[in-house]
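Before any comments, here is the structure.
What follows is calculated from the coordinates using simple rules that are stated; it is not laboratory data. Every value quoted in this text rests on a predicted model; they were computed, and no experiment measured them. Note: ideal-geometry Cβ built from the backbone for every residue, glycine included; neighbour counts use all protein chains shown.
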Amino acid sequence: MSTYTRLDDCLSIRNGHLFIEECDAVELVRQFGSPLFVFSEDQIRRNTRRFQSAFERGWPDGPVKMLPAAKANWIPAIQRIIAGEGCGCDIYSPGELKVALEAGFDPEFVSVNGVPKDEEHIYRCVEASVRITIDSLEELDVIERATGEMGRTAKVRLRLKPTLSGFIAHSDFVGEGLVPTDLAAMVYKGGLTKDQVIALGRRILPMDWVELVGFHQHHGRHHRSLRYWEEQMKAFARDLGEVCQALGGFQPREIDIGGGFAVPRDPFNAATNYAEPLGFAALHAISRALKPFGDEVRYAVLARLVDTLVSEPNPHPAPSIEEYAEVCTRTLRQELPRHGIQTRGLMLQVEPGRAIHGNAGIHLTTVRNIKPVTSPFRWNIIVVDTTEFWFTGGRYEHHLFHYVFANKADAPLVGKADIVGRSCYGDRLMPIVRVPEVQVGDILALLDTGAYQEVSMSNFNALPRPAAVLVTGDRAHLIRRRETVDEVFRRDIIPPHLQRPAEETVEPALTRIGGG
Ligand SMILES: *Cc1c(COP(=O)(O)O)cnc(C)c1O
């Protein structure tokens, strides 16, 4: 295995093969095909329980409830696991509301976040008695109307955007560049300013059918450090204190601190690896300077430089769940009373997304072609049967995933290659990484792909999306089957004037190709 990849919990290597729980990854591909998303039920449960017990330990003041963000992995089978653990959930859309209600979550602990919220969605939320986390000035009117018409009470929270003035390190999240975290957090659309929250609170308090039960904040994973969490909690307590004072000493019953805790192996890379652009700038400068000396000299020098390039997944593990919980609860218990908010009986809610699902998932993909370039310099291209369009979550966030070759997991890493995907883009999934002796048919496992990847796949190149499997101990169940080519075209409509007389003959051919 690669020396910098630490396997933990659900992953192990046995006789050279990667295992996820008690299942051989190579066998999973044989059984379910390639590429394949695989999720570990036990890992999701272990992560959830660790969050619950770590926050309970730090928060003796009142109840603690995990509301894992459904958007990180909203596959219905996965959401049933979370519901079965006694958690609530953070949801965003009407589709996620449907998944949550069908999974059996207690509506009291379903937090409906997001902006915009369509009118129909708000009516459904009021009808289902879920918690609406208000994140715009406009939605309150609709909530008030819906509750009045239905004669039902809606319990709501207000989403605050605390000013993170205490944390000005650069944000990982914003990607290219060095944007200070407080500015990056401010321009994110989620959350309302203190003044807006106060104005909304004043309108809600006298309402008959709308009840204000608490407050929410979520800044996301701008930074993995404990300091970031300490400053978030300070800012939340400070701004909350001002809001509650302006609302006549209002005391919340619940506060929700959102998500954004890092995945243990923390696959963040490009955004934090500022050496890389400098390296490429140097390459470019040298390349230009050598141009007058002719191709032979230029390529000879460049070949040397290219040989030195290598990218490695982040070797520094993130703080543990227990460390995150400790710093959050300690800071809140210190800061809330200082700002006039009593913690006794106050329910603390937490919405981890990536930290619950990330390391519970792997993606298995098969090597299909090997294309060595020998001149003008050496360059290895390994083509696999997946694509970056099935990791758009990771692309947005500049991930370089940790990886293991599942069928030769303890083979030494003897070479370097660009591992590229199957789309017609450059599709450099894993640019210039260390690899063992690789053959066509080898199976590559990309780790920490349990959050945001499967649920953000697209159909670029009209590629049908791969299947997903849930592993439970030594059993594996298909939880989302492979898409067919027919399904890729299911929403398409040919206007009458573009139809061809022989149209019917095209369809059976497509059906045959898409059979898998
Ligand atoms: C996305 C999101 C989360 C989860 O974020 P992670 O970074 O995956 O932990 C939690 N709460 C809200 C409101 C979100 O939008």
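Quick look at the numbers
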read-out	value
Which of 23, 328 has the fewest Cβ neighbours within 10 Å, and the rest in rising order	23, 328
Pairwise centroid distance, computed over Cα atoms, of the range 358-374 with the range 417-458, Å	4 Å
In sequence order, calculated HN-Hα J values of the range 429-444 (Karplus, 6.51, -1.76, 1.60; Hz; x Gly/Pro)	4, 10, x, 6, 10, 6, 9, x, 4, 10, 10, 4, x, 4, 10, 9
Ranked 454, 397, 437, 296, criterion: other C-beta atoms within 10 Å, fewest first	296, 437, 397, 454
Trypsin sites (Lys or Arg not before Pro) lying in DSSP loop within the range 84-171, provided at most 15 other Cβ fall within 10 Å	152
Virtual spin-label span in nm between residue 225 and residue 460, 7 Å along Cα→Cβ	3.4 nm
Under 5 Å, built H, 5+ apart or other chain: amide partners of residue 416	435
Cα convex hull of the chain, projected area averaged across orientations, nm²	28.7 nm²
The chain, relative contact order [Cα under 8 Å, separation at least 6], %	21 percent
HN-Hα J in Hz across the range 381-392 - Karplus 6.51, -1.76, 1.60, θ = phi - 60°, x for Gly and Pro	10, 10, 9, 10, 8, 10, 8, 5, 5, 9, 9, 4
